[in-house]
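The values are calculated or read from the model by the stated rules, or taken from the named source; none is laboratory data. Remember, it's a predicted structure, so these values are computed and weren't measured experimentally. Glycine gets a Cβ as well: all are built from the backbone with ideal geometry, and neighbour counts include every protein chain shown. Side chains are part of the model used for accessible areas, which takes the heavy atoms of the whole protein and leaves out ligands, DNA and RNA. Shrake-Rupley method; radii C 1.70, N 1.55, O 1.52, S 1.80 Å.
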Amino acid sequence: NATYSSIRMGTADIFPLTVQRRKFIHAPFHQAAFEAWLEDFKKDAAAKGIAQAVIATSLAGVTFDKAVIARDQNQKAFSQTFEEFSGRMVPPRLARGSNMLKQYGSVLGRIEQAYGVPGEIIVAIWGLESDYGVNLGKFQTVRSLASLAYDCRRSELFKAELMDMLRVIERGDIAAHD
């Protein structure tokens, strides 16, 4: 039951965009059901080659976070037009983004060569998602991803994100509870 809309710039349609406008009705939450899901996820992670020690350390004590789900369902950006969103988010980040391109130009160039992602795209996402590292968030990443993966709306997306997070932890790029 998606509704279809277009992102407009002036009067021209840029591209069609599917917008989910449904409110999801959730059954009452039961921690036991989440824990059973998490056990299945752990088995899946092990089957995909994630070390048991990483799985155990990273997912120990993880509980469902209703606040993460509530915030995900009420993101202001999803109720704005493209013009409203970009007008609010882009102008304050332009000068800093330009400085970041200059400051990290060599690193961004190596990333572009290795992965094919232009530095400008990386810097734009970096600015929008964290204001260049200023806003790192207050929620535990693993717990948040587990909660979002368990939630019925975009389970597969966040299950893959959680699996990738375990890989990042396994590589040693970040500690399990950072």
Subject >> Residue-by-residue Karplus 3J(HN,Hα) for the range 42-51, coefficients 6.51, -1.76, 1.60, Hz, glycine and proline x >> reply: 4, 5, 5, 4, 5, 5, 8, x, 6, 4
Subject >> Per residue solvent-accessible surface (Å²) - the range 119-169, probe of 1.4 Å >> reply: 55 Å²
**OP:** Give, in nm to one decimal, the length gained when the segment between GLU156 and MET89 is fully stretched (0.36 nm per residue of separation minus the Cα-Cα distance).
**Re:** 21.3 nm
Original post:
Using a simple spin-label model with points 7 Å from Cα along the Cα→Cβ vector, what separation in nm is obtained for SER106 and ASN135?
Top reply: 3.2 nm
Subject >> Whole-Hz ³J(HN,Hα) from phi, Karplus 6.51 cos²θ - 1.76 cosθ + 1.60, for the range 157-168, glycine and proline x >> reply: 4, 6, 5, 5, 5, 5, 4, 5, 4, 4, 5, 4
Original post:
Residue by residue through the range 102-107, which ³J(HN,Hα) values in whole Hz follow from phi under the Karplus form 6.51 cos²θ - 1.76 cosθ + 1.60 (θ = phi - 60°), with glycine and proline marked x?
Top reply: 5, 5, 10, x, 5, 5
